[in-house]
Amino acid sequence: MGERLTIDHVGKRGDGVAYVEGATVFVPYTLAGEIVEASAVPGHAERRKFEHVETASAERIEPFCPYFGRCGGCAIQHWQPAPYQAWKRQIVVDTLAHARIECPVDPIIDAHGAGRRRITAHARRGGDNEIRTGFSAAASHAIIAIEHCPILDPGLNGALDVARAVALLLKPTDKPLDIQITAASNGLDVDVRGTGPLPTPLIAKLSQLAEHFKLARLTRHGELVLMRTTPMITVGKAQVVLPPGSFLQATAAGEEVLAELVMKACKGSKTIVDLFCGVGPFALRLAAKSRVMAYDSDEGAILSLQQAVKETSGLKPITALVRDLYHRPLVAQELRDVDCVVFDPPRQGAQGQAEKLAASKVRTVVSVSCNVQSFVRDAKILIDGGYKIDSVTPVDQFRHTPHVELVARFRR
């Protein structure tokens, strides 16, 4: 028999929050004001397993995906869009307030667009000796076999079929096989990881599989197995070659929205530095009006950006260089003639680079972040260094999850 709980509010990770004898407990898939039945989760005193709703919120809606509640990809499909968006924006407001950072927070921008354009499917042989291919279960390493995912971009049609075929061919053990699939503009780009060395006959079969599914490219740990056509994406005026397994914003709409916000924040700058530039989603657009110096530790991404620069006319000069900004952040002297810095680090942020920016005389810093907590840490460093934060714009390209991106401008 489960517990009967009243949900107080939805927490920042998307779980309902209830109080039991003064202790806080978290119940997934629940909403504020609901009365629910939940059961204990062995080994996790603060968590409960949602069983069913006794009294539902007026804001509750029917989830659209049959895997919701088992697959761990989505935390929230059961909430009406308006209160869901207000909650996600409030995560940013509350995190800034807790850090005592005062600035306006704009309305959240939905950037789901056509859906996710890249996935990592997992495959593993279970205890029943069956190979399962899909996504990780909620709060578990178990794999939920997925036939179809409704939040994917149409460019990923057939991607899960490809993942299943790869898994059946390579026959993973109890260790998972990771199959990263990206929707390029000219086909699917697939990178397989976790196999270890493969015998030549098996690589030949992988090549046949790539031909059968008409993949743009198939790589294993970044090493080419077969390329039918070079995977490309469009960035502004440029056509960019995708490095194997490369990072892209989760949705095409997300990239467009973030880039528009960045360009608006950089308006009027003649010389811009783009830190953690990747394949150039900001640099290639900013170069329509400004000179750009771009840096990233990923050599493949920089080579792709350099190639795109050579093959695209009508851009102002872009210098793209490989540099590990964690071990060698740009220092004030290198930034002395720069008008604006765009700063888009990975989820962990970049404290060392933020400290060097705070010591510089750059007038404008534009921060792009996919982690509100690391953003706040780095933002406080900039503010302590004399910058003032103008505003923050939350962006939701990870719809149905608690993840929120943001763009903020700092000025001296």
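Overview of results
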| item | result |
| --- | --- |
| Distance histogram in 10 Å bins (all Cα pairs of segment 284-376, percent per bin) | 15, 45, 35, 5 |
| Greater than 18 Å apart at Cα, pairs in Lys270/Lys361; Lys361/Lys388; Lys12/Lys388; Lys289/Lys356; Lys264/Lys289 | Lys12/Lys388; Lys289/Lys356 |
| Apportionment of accessible area to carbon and sulfur, segment 255-396, percent (1.4 Å) | 49 |
| Angstrom value of the Kirkwood radius, inverse mean 1/r, which spans all Cα pairs in segment 14-95 | 13.7 |
| Hull shadow area, averaged, segment 121-176 [alpha-carbon convex hull, nm²] | 4.0 |
| Segment 1-151 - accessible surface per residue (Å², probe 1.4 Å) | 54 |
| Per-pair calculated FRET efficiency, R0 = 41 Å: Asp384 and Asp337 via Cβ, rounded to 0.05 | 0.95 |
| 5 angstrom amide H check on Leu226, placed H, neighbours 5+ away | Leu218 |
| Test item: Cα-centred dipole of the chain, Lys/Arg +1 and Asp/Glu -1 on Cβ, debye | 1240 |
| Carbon plus sulfur fraction of accessible area for segment 46-165, probe 1.4 Å, in percent | 51 |
| Most to least packed among 383-393, 302-312 [average Cβ atoms within 10 Å] | 302-312, 383-393 |
| Average Cα contact separation per residue, segment 193-335, under 8 Å, 6 or more apart, as relative contact order % | 18 |
| Dipole in debye (nearest 20) - segment 57-171, about Cα centre, beta carbon charges: Lys, Arg +1; Asp, Glu -1 | 420 |
| The chain: calculated mean residue ellipticity at 222 nm from DSSP helix runs of at least 4, using -39500 (n - 2.57) | -7000 deg cm²/dmol |
| Segment 168-300: mean projected area of Cα convex hull, nm² | 9.2 |
| For segment 200-268, the fraction of alpha-carbon pairs in successive 5 Å shells from zero, as % | 3, 14, 18, 18, 15, 11, 8, 6, 4, 2, 1, 0 |
| Listed residue (Val10, Gly194, Ala308) projecting farthest to the positive dipole end of the chain, Cβ model | Ala308 |
| Calculated on alpha-carbon atoms, Rg and Dmax of segment 348-412 in Å | 12.0, 40 |
| Rel. contact order, % - alpha carbon contacts under 8 angstrom, at least six apart, the chain | 13 |
| Compactness of the chain as Cα Rg over 2.2 N^0.38 Å, two decimals | 1.06 |
| 14 Å beta-carbon shell around Asp106, net charge (K/R +1, D/E -1) | -1 |
| Sequence of Tyr67, Tyr326 when ordered by accessible area, the most exposed leading, probe 1.4 angstrom | Tyr326, Tyr67 |
| Computed P(r) (all Cα pairs; segment 12-157; 10 Å bins; percent) | 9, 31, 35, 21, 4, 0 |
| Beta bridge orientation in the chain: antiparallel %, DSSP, nearest 5 | 70 |
| Ordering of 102-115, 49-62, 247-260 by burial proxy (mean other Cβ atoms within 10 Å per residue, highest first) | 247-260, 102-115, 49-62 |
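The values are calculated or read from the model by the stated rules, or taken from the named source; none is laboratory data. In this text the structure is predicted, and so the values were computed from the model without any measurement. No Cβ is skipped: glycine too gets one built from the backbone with ideal geometry, and neighbour counts run over all protein chains shown. Ligands, DNA and RNA are excluded from the accessible area calculation, which covers all protein heavy atoms including side chains. Shrake-Rupley method; radii C 1.70, N 1.55, O 1.52, S 1.80 Å.
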